[in-house]
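> Input: one structure, supplied below.
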Amino acid sequence: MDKVDVIVIGAGVVGLAIAAEVTEKYPQACIALFDKEQQFGWHTSSRNSEVIHAGMYYPTNSLKAKVCVEGKDMLYRFCDQYSIPYQRIGKLIIARESSEIPHIEEIARQGELNGLNDLVLLEQADVAKREPHIKAVAAIHSPSTGIIDSHKLMAKLEQKFNAGENNFIAYRHEVTNVSYNGNEYEVTFKGPDGNTDQLACTWLINAAGLWADKVGEWLGLETEKHGSKIYWVKGEYFGISASKSKLLNHLVYPPPLKALKGLGIHVTKSLDGRARLGPSAFYVDQINYDVDDSHGDEFYMAAKSYLPFLERDDIASDMSGVRPKLQSPSDPVKDFIIRHEVDNNLPGFINLVGIESPGLTGSLAIGRMAAAWVLL
């Protein structure tokens, strides 16, 4: 059986960031990157709001808070260094009525605990100066929140990985099983011709996104006991008409949903100025990216509470994505799993499970964290 030094499963933004970081650390290593789709970022990494989050929502000392706050700064520096398009557009987390003011004040306090020092609480008149067309009695302004061209980010990470002279990417190659023989990992995969083959490695990095729990299962981890069972949560987006998009200057978020299943129906903007509502958040058993037009009424009613200028005809179905959550519908908030599974008798297995938001923001920080375990 042929052998390489490192195999990374999954060419989403996190898998690419790890692969690029390991390449920089060990430029002579032989690293293989597998993905079952025909190009990088086919699923969660390319079906999201493309927001660079500031990090005020996540529990103190959580991995989500750590990689978000560190990764945000790393990402802005990376964008500047490699001319990746982005905008520090800023975000308003609004109180639509006075009863919501304590809620957003608590978010601001949590942001300070997480190391943010730039959040500003705005009174109604100040909100109106920034966003004269929305309904809000107060807001938190996050000036370091931004938006990014995630495709160009991933393309640059892919390029950095390909700079390793012994590296190779195997798109359209689906990993179907992994085993550990006590010395090395044996990865079974199916190629585009339908034939099956195997490749061994010393270090195995699981960045398989929506299917990351399956890799652990193959290696004997009981996902329920291990806390690594993934639940799929779908989110739909509805686009706002171009004329009404021009009325918005920032990302605008109502207070988030309980237990962070999602951040509520909020407004994001793309680099070309288009505004979207979403994402929603509901658990699903199958992956598909259809958008149910009938859900537009729900989006309209949610947004109308703070975007009084909207009419129902101003919004239309846009896109959807699916997030890999570690929490079931009845669970409290759960953190990312980013772990070297040596304590589970799997030395050399770096396991990343449940990497949803803020995974894009934290991707470079996650890459650095994961690559630090790799010793060649």
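The values are calculated or read from the model by the stated rules, or taken from the named source; none is laboratory data. Since this is a predicted model, take the numbers as computed values, not measurements. No Cβ is skipped: glycine too gets one built from the backbone with ideal geometry, and neighbour counts run over all protein chains shown.
> Any chance region 177-197 includes a residue that's aromatic (Phe, Trp, Tyr) and either buried (at least 20 other Cβ atoms within 10 Å of the Cβ) or over 30 Å from CYS30 (Cα atoms) (or both)?
There is at least one residue in region 177-197 that is aromatic (Phe, Trp, Tyr) and either buried (at least 20 other Cβ atoms within 10 Å of the Cβ) or over 30 Å from CYS30 (Cα atoms) (or both).
> Kindly check whether there is at least one residue in region 143-157 that is under 29 Å from ASN344 (Cα atoms), β-branched (Val, Ile, Thr) and either in contact with a Phe, Trp or Tyr (Cβ under 9 Å, 6 or more places away or on another chain) or surrounded by fewer than 20 Cβ atoms within 10 Å (Cβ to Cβ) (or both). Explain how you work it out, then say what you get.
Taking region 143-157 as the starting set, the residues that turn out to be under 29 Å from ASN344 (Cα atoms) are none.
The answer is no, given that none of the residues of region 143-157 is under 29 Å from ASN344 (Cα atoms), β-branched (Val, Ile, Thr) and either in contact with a Phe, Trp or Tyr (Cβ under 9 Å, 6 or more places away or on another chain) or surrounded by fewer than 20 Cβ atoms within 10 Å (Cβ to Cβ) (or both).
> If you take the residues of region 331-361 that are over 23 Å from CYS201 (Cβ atoms) and of a type in the set (S, T, N, Q), which of them is surrounded by the fewest Cβ atoms within 10 Å (Cβ to Cβ)?
Checked region 331-361; the qualifying residue surrounded by the fewest Cβ atoms within 10 Å (Cβ to Cβ) is SER357.
> Tally the residues that are basic (Lys, Arg) and either modelled with pLDDT under 95 or in contact with a helix residue (DSSP H, G or I) (Cβ under 6 Å, 6 or more places away or on another chain) (or both), restricting the search to region 116-139.
In the first step, residues of region 116-139 are kept if they are basic (Lys, Arg); the result is 129-130, 135.
Those still in the list that are either modelled with pLDDT under 95 or in contact with a helix residue (DSSP H, G or I) (Cβ under 6 Å, 6 or more places away or on another chain) (or both) too: none.
Number satisfying all stated conditions: 0.
> Confirm whether LEU360 is among the aliphatic types (A, V, I, L, M) and not in a strand (DSSP E or B). Give the steps one after another, and end with the answer.
Numbers: among the aliphatic types (A, V, I, L, M): yes; not in a strand (DSSP E or B): yes.
Yes; evaluated as a whole, the condition is true for this residue.
> Another question about this same structure. Looking at region 279-290, is at least one residue in contact (Cβ under 8 Å) with a residue 60 or more places away in the chain, in a strand (DSSP E or B) and surrounded by 21 or more Cβ atoms within 10 Å (Cβ to Cβ)?
Looking only at region 279-290, we keep the residues that are in contact (Cβ under 8 Å) with a residue 60 or more places away in the chain, and these are 279, 287, 289.
Those left that are additionally in a strand (DSSP E or B): none.
Checked against the condition, which is being in contact (Cβ under 8 Å) with a residue 60 or more places away in the chain, in a strand (DSSP E or B) and surrounded by 21 or more Cβ atoms within 10 Å (Cβ to Cβ), region 279-290 yields no hits at all.
> Of the conditions (1) of a type in the set (Val, Ile, Thr); (2) assigned by TED's automatic domain parsing to the domain that holds GLY12; (3) within 30 Å of GLY278 (Cβ to Cβ), THR188 clears all except one; give me its number.
If we test THR188 against (1) of a type in the set (Val, Ile, Thr); (2) assigned by TED's automatic domain parsing to the domain that holds GLY12; (3) within 30 Å of GLY278 (Cβ to Cβ), just (3) comes out false.
> Name the single residue that is surrounded by the fewest Cβ atoms within 10 Å (Cβ to Cβ) among those in region 78-107 being charged (D, E, K, R) and within 23 Å of GLY273 (Cα to Cα). Before you say what the answer is, go through the steps one by one.
Keep residues of region 78-107 that are charged (D, E, K, R), which gives 80, 88, 91, 96-97, 100, 105-106.
With within 23 Å of GLY273 (Cα to Cα) added as a condition, the list becomes 80, 88, 91.
Values: ASP80: 10, ARG88: 13, LYS91: 28.
For region 78-107, the residue satisfying everything is ASP80.
> Separate question: Select from region 138-184 the residues that are in a strand (DSSP E or B), of a type in the set (S, T, N, Q) and within 30 Å of GLY220 (Cβ to Cβ) and list them in ascending order.
Within region 138-184, the subset in a strand (DSSP E or B) is 138-142, 146-148, 168-171, 174-180.
Right, trim to of a type in the set (S, T, N, Q) and you get 142, 176-177, 179.
Selection gives THR176, ASN177, SER179.
> Quick check on my filter: what residues within region 108-137 are in a helix (DSSP H, G or I) and surrounded by 20 or more Cβ atoms within 10 Å (Cβ to Cβ)? If you could, list the steps in order and put the result at the bottom.
Restricting attention to region 108-137, the residues satisfying the condition of being in a helix (DSSP H, G or I) are 108-113, 124-130.
If the condition is that a residue be in a helix (DSSP H, G or I) and surrounded by 20 or more Cβ atoms within 10 Å (Cβ to Cβ), then GLY111, VAL127 are the ones that fit.
> Within region 3-49, take every residue that is in a loop (DSSP other than H, G, I, E, B) and basic (Lys, Arg) and give me the one that is farthest from ILE366 (Cα to Cα).
Kept after step one, since they are in a loop (DSSP other than H, G, I, E, B), are these residues of region 3-49: 10-12, 26-30, 36-43, 47-49.
Checking the rest, the ones that are also basic (Lys, Arg) come to 36, 47.
Values: LYS36: 22, ARG47: 19 Å.
For region 3-49, the residue satisfying everything is LYS36.
> Across region 247-278, what is the total count of residues that are at pLDDT 95 or above and in contact with a Lys or Arg (Cβ under 8 Å, 6 or more places away or on another chain)?
Qualifying residue count, region 247-278: 13.
> Which residues, counting only those in region 77-98, are out of contact with any helix residue (DSSP H, G or I) (no Cβ under 8 Å at 6 or more places or on another chain) and in a helix (DSSP H, G or I)?
Correct list: ARG77, ASP80, GLN81, SER98.
> Additional query: Taking only pairs six or more apart or across chains, which ones have beta-carbon atoms under 8 Å, a first residue in region 315-336 that is at positive phi and modelled with pLDDT under 95, and a second residue that is part of a strand (DSSP E or B) and surrounded by fewer than 18 Cβ atoms within 10 Å (Cβ to Cβ)?
none
> Within region 291-316, can you find the residues that are crowded, with 18+ Cβ neighbours inside 10 Å and in a strand (DSSP E or B)?
Residue satisfying the conditions is ILE315 alone.
> Mind checking which residues of region 214-236 are surrounded by fewer than 23 Cβ atoms within 10 Å (Cβ to Cβ), in contact with a Leu (Cβ under 9 Å, 6 or more places away or on another chain) and outside any loop (DSSP other than H, G, I, E, B)?
Result: TYR231, TRP232.
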